[in-house]
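Only one structure is covered here, and it is reproduced in the block below.
Where a number appears in this text, it was derived from the coordinates with a stated rule and is not lab data. Everything numeric in this text was worked out from a predicted model, so none of it was measured. In this analysis, Cβ positions are derived from the backbone assuming ideal geometry, glycine residues included, and neighbour counts consider all displayed protein chains.
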Amino acid sequence: MKIYKTDETLIGECKENELNKWCEEHKADLRGISLQCVAIKKCNMCRANLYEANLCGINLHGIDLCGADLRSVNLYGAKLYEVDLRGADLRLAYLCGAELYEVDLRGADLRGAYIEGAELKGVDMRGADLRRSDISRVNLGRTNLQKANIEDAEIDFSCLPLSCSSLTMITDERQRIQIMYHWASLIANAKIITQEEINIYNSILKYANKMHRADVPKLVELLNDEKI
């Protein structure tokens, strides 16, 4: 098979069953490489330079990409299984529609990454930097977000984990208001609530109503004897 860059420059040639070996041998400079819809398994790509590579639809299984340069890489529709991306640089990476299963992203830099609609299961994002990324429409329920920084990230229509794995994630005010609005909505629509809940609800009402979305109703104050 012939291997090209995204600008169609020929950079190498190998047999299909030797692609893993070729990638390992040339990992120091794979900038702009185009490896669409191929499968690579059990390959040592630690600290590989894949800057602006086109890996659309690629199938990566058991690959070591620890510390790799994946800035602006295109991983649209890619399938990543048991991939080690600890400390990898994925700034501005495009992961929309990708499938990530048991992927290790601890300490990875995902600032400005586009992850909208990706499928994540068993992903470890402890300490990852997700500032200014787009994680909307992503189910993060099975993702470890301890100490992950999601400040300025887009989280609309996403699902955050209701577990200890999200208690220490770093958020911004806009996100906290959004989460608070959802909590207050649960109180406003409950059939029975306690006086303590009414007091808390009324005290945070002004804050929760700062919700940035214009398609949700403003919450109203609850009377002290309401729903008790």
Computed over the chain: longest principal axis from alpha-carbon atoms vs helix 195-208 long axis, angle to nearest 10 degrees, is 60 degrees
Provide the net charge surrounding Leu92, with neighbours chosen by a C-beta distance below 9 Å and charges set as Lys +1, Arg +1, Asp -1, Glu -1.
+3
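Could you give the C-alpha radius of gyration of the chain expressed as a fraction of 2.2 N^0.38 Å, taking N as the number of residues it contains?
Numbers: Rg = 21.8 Å, N = 228, 2.2 N^0.38 = 17.3 Å.
This ratio for the chain stands at 1.26.
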Measuring from label point to label point, each 7 Å out along Cα→Cβ, what is the Phe157 to Val220 span in nm?
3.0 nm
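How would Ile193, Ile155, Ile115 line up from fewest to most surrounding beta-carbon atoms within 10 angstrom? Can you show the working numbers first?
Values: Ile193 18, Ile155 21, Ile115 27.
By the 10 Å Cβ count, ascending, the order reads Ile193, Ile155, Ile115.
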Just add up the charged neighbours of Ala153: K/R +1, D/E -1, any other residue whose Cβ is under 12 Å from the Cβ of Ala153.
-4
Under a cut-off of 16 Å between alpha-carbon atoms, report the lysines in cross-link reach of Lys191, not counting same-chain residues fewer than 8 places apart.
Lys227
Leaving out same-chain residues fewer than 8 places away, which aspartates and glutamates sit with a Cα under 20 Å from that of Lys21?
Glu13, Asp29, Asp64, Asp69, Glu82, Asp84
Could you state, as a whole-number percent, how many of the C-alpha pairs of the range 33-76 are farther apart than 16 Å?
33 percent
Pair Ser136, Lys210: separation of 7 Å Cα→Cβ label points (nm):
2.1 nm
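Net charge within 12 Å of Asp69 by Cβ-Cβ distance, Lys/Arg positive one each and Asp/Glu negative one each, not counting Asp69 itself? Could you put the intermediate results ahead of the total?
On the way: positive: Lys27, Arg31, Arg47, Arg71, Arg91; negative: Asp29, Glu52, Asp89, Asp109.
Net charge in that neighbourhood comes out at +1.
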By how many degrees, 0 to 90 and rounded to 10, does the Cα axis of helix 173-188 deviate from the longest principal axis of the chain?
50 degrees
